[in-house]
Amino acid sequence: RGCHGKELNGGQSGEPGALKAPNLTPGGNMKNWTAADFVSTMRSGKTPEGIEMSSKYMPWKSIGLLSDSELKAMHKYLMTLEPLELANPD
């Protein structure tokens, strides 16, 4: 929640130079992701939209070490969140 915002609908950490973190609720791009897409993204660092995540700010390399079941559970949880619009879209 420190990076993706209190409601997980986008945010930015206080770290200088940090990129804006995307909306993880079903109100963002992830609403189109399958569990397989989520697992692949956490293992490769590349989203289904072709965006490469910065390993400096997004710890996808360590998250990608989780089991398929754990990653699928994370995706399932995120898909249960209230769909919210992107916070601070500027």
Under 1.5 on a/c is rounded, so check that first for segment 1-45, then, if it is not, pick prolate when a/b is larger than b/c and oblate when it is not; a ≥ b ≥ c are the square roots of the alpha carbon gyration tensor eigenvalues.
-> oblate
Once you put a point 7 Å from the Cα of Asn32 and another 7 Å from the Cα of Ala18, both along the Cβ direction, what distance in nm separates them?
-> 2.7
Pull up all non-local amide H partners of Asn9: gap of 5 or more, or a different chain, and H-to-H distance under 5 Å with H placed in the peptide plane.
-> Leu24
Accessible surface, 1.4 Å probe, highest first, among residues Leu78, Leu84 = Leu84, Leu78
Virtual spin-label span in nm between Ser67 and Ser54, 7 Å along Cα→Cβ = 3.4
Per residue, in Å², the accessible surface of the chain once ligands and nucleic acids are set aside, probe 1.4 Å = 64
Can you pull the percent of the chain's accessible area that's carbon plus sulfur, 1.4 Å probe, other chains left in place?
-> 55
Of (i) 14.9, 45; (ii) 13.1, 40; (iii) 12.4, 35, which is the value of Rg and Dmax of the Cα atoms in Å derived from the coordinates here?
-> (iii)
Trypsin sites (Lys or Arg not before Pro) lying in DSSP loop within the chain, provided at most 12 other Cβ fall within 10 Å = Arg1, Lys6, Lys56
Per DSSP, the loop-located GluC sites (Glu not before Pro) within segment 15-90 having at most 14 other beta carbons within 10 Å are Glu49, Glu85
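The values are calculated or read from the model by the stated rules, or taken from the named source; none is laboratory data. None of these values were measured; they are calculated from a predicted model. Cβ sites come from the backbone with ideal geometry, for glycine too, and all protein chains shown count toward neighbours. Note: accessible area is taken over every heavy atom of the protein model, side chains too, but ligands, DNA and RNA are not part of it. Shrake-Rupley method; radii C 1.70, N 1.55, O 1.52, S 1.80 Å.
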